[in-house]
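The values are calculated or read from the model by the stated rules, or taken from the named source; none is laboratory data. These numbers come from a predicted model, not from an experiment. Here the Cβ positions follow ideal geometry from the backbone for every residue, glycine too, while neighbour counts run over all protein chains shown. The accessibility values were calculated without ligands, DNA or RNA, using every heavy atom of the protein model including side chains. Shrake-Rupley method; radii C 1.70, N 1.55, O 1.52, S 1.80 Å.
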Amino acid sequence: MPDAALAIEGLTKSYGDLRAVDGVSLTIPVGSFYGVVGPNGAGKTTMLSMATGLLTPDAGTVSVWGIDLWTRPDEAKPLLGVLPDGLRTFDRLTGGELITYAGRLRGLDRETIAHRRADLVATLDLESAGATLVMDYSAGMSKKIALACALVHAPRVLVLDEPFEAVDPVSAGAIRRLLASFVAAGGTVVMSSHVMALVERLCDHVAVVGAGRILAAGPLDDVRGGLDLEDRFVDLVGDRREERDLAWLRPSSA
């Protein structure tokens, strides 16, 4: 077994004069629950898109369980389950049909898909939505069905970009339990999030991203350095807001 579930070396991506990701290197240990945090525009989504084969880097390499993602994609990509931020799905399918479609794309036979689909629908509390078109799902249900599609082929590494965004507490609880079970069984989760308390609650490793670079990375307690994660995050990224006196917002007493 390799030490790294996901090994990123020197990833770089530019858009014109903008260097969105600037030579990022990051090692995700096997069996870890790894959080990736950073301000808007820090390069998290671009980095994760390159790390999962959704976006071609200008430079750098990615290995999944020791297999190069770009030179051996047919071997590496089946090891990955991916939930991109803002994922567009075939939303005129029902939830069950969408899971089946995802499984068939991964080469699974219909019997295996049916068994796994039933397990995922029950675990994620989606039975009541089984015959409902995905276009009519709530935000939480949409996230859960997309997660089911990412898991149906039993990947070893799960990469999730903002999986809890716009998700209600009940749906969030179901997702948390599933992810914790996946890691406990030996899987690896990489999750980006803006919610520091959630990362502290779920993750054992964390990377702080800013301006396209890794500012700190490693075990959660090492990165925090005795602070809570939000305070450490602000120390690393910096609070660049300009303070102004918004006296015009105060209710008038006249």
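Determine the gain in length on full extension of the stretch E111-R92; use 0.36 nm per residue of separation and subtract their C-alpha separation, reporting nm with one decimal.
Numbers: separation 19, 0.36 × 19 = 6.84 nm, distance 2.32 nm.
Net length gain for the segment: 4.5 nm.
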Mean projected area in nm² (Cα convex hull; one quarter of hull surface) for segment 1-48 | 3.7
Most mobile of E243, E97, E111 per a Gaussian network model of the chain (Cα springs, under 10 Å)?
-> E243
Max mean-square fluctuation residue, GNM over the chain, Cα-Cα springs under 10 Å, options V82, V183, V157 | V183
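In square angstrom, what is the accessible area per residue of the chain with a 1.4 angstrom probe?
Numbers: 12990 Å² over 254 residues.
Per-residue accessible area for the chain comes out at 51 Å².
If Lys and Arg each add +1 and Asp and Glu each add -1, what is the summed charge of the other residues whose beta carbon sits under 15 Å from the beta carbon of E200?
Values: positive: R176, R201, R224, R232; negative: D204, D221, D222, D228, E230, D231.
Computed value for this residue: -2.
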Anchor K13: lysines whose Cα lies under 26 Å away (excluding residues fewer than 8 positions away in-chain) = K44, K77
Y101 label point, 7 Å along Cα→Cβ, cut-off 18 Å on backbone N: hits in segment 119-150?
-> 121, 129-139, 141-150
Between D204 and L227, the two model label points (7 Å from Cα along the beta-carbon direction) sit apart by a distance in nm of 2.5
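If you take the square roots of the eigenvalues of the alpha-carbon gyration tensor of the chain and sort them as a ≥ b ≥ c, do you get rounded (a/c under 1.5), prolate (a/b over b/c) or oblate? Intermediate results must be reported in sequence, preceding the final value.
On the way: a/c = 1.79, a/b = 1.25, b/c = 1.43.
Judged from the Cα gyration tensor, the chain comes out oblate (a/c at least 1.5, b/c at or above a/b).
Can you give me the relative contact order of the chain as a percent, contacts being Cα pairs under 8 Å and 6 or more apart? Provide the component values of the computation, followed by the final result.
Working: 458 pairs, mean separation 64.8, N = 254.
Once divided by the residue count of the chain, the mean separation gives 26 percent.
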Cβ-Cβ cut-off under 14 Å around M135, Lys and Arg +1, Asp and Glu -1: the net charge is -1
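Among DSSP beta bridges lying fully in segment 150-254, give the percent that are antiparallel, nearest 5.
Working: 6 of 11 bridges.
Around 55 percent antiparallel, to the nearest 5.
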From the square roots a ≥ b ≥ c of the eigenvalues of the alpha-carbon gyration tensor of segment 118-157, which class results: rounded (a/c under 1.5), prolate (a/b over b/c), or oblate?
-> prolate
Counting only residues 5 or more apart in sequence or on a different chain, those whose built amide H sits under 5 Å from that of V209 are V37, G38, L215
Everything considered on the Cα gyration tensor (a ≥ b ≥ c; rounded for a/c under 1.5, else prolate if a/b is larger than b/c, else oblate), segment 1-139 must be described as prolate
With a point put 7 Å past each Cα toward its Cβ, work out how far T61 is from D17 in nm, to one decimal.
-> 3.4
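For segment 49-95, what % of the accessible area comes from carbon and sulfur atoms, probe 1.4 Å? Can you show the working numbers first?
On the way: 1280 of 2470 Å².
Within segment 49-95, the accessible surface is 52 percent carbon and sulfur.
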Under a point spin-label approximation (7 Å from Cα along Cα-to-Cβ), what is the V170-V30 distance to one decimal in nm?
-> 4.0
Note down the accessible area of R176, probe 1.4 Å, to the nearest 10 Å².
-> 60
How big is the charge dipole of segment 1-94 about its Cα centre, in debye rounded to the nearest 20, if each Lys and Arg gets +1 on its Cβ and each Asp and Glu gets -1 on its Cβ?
-> 260
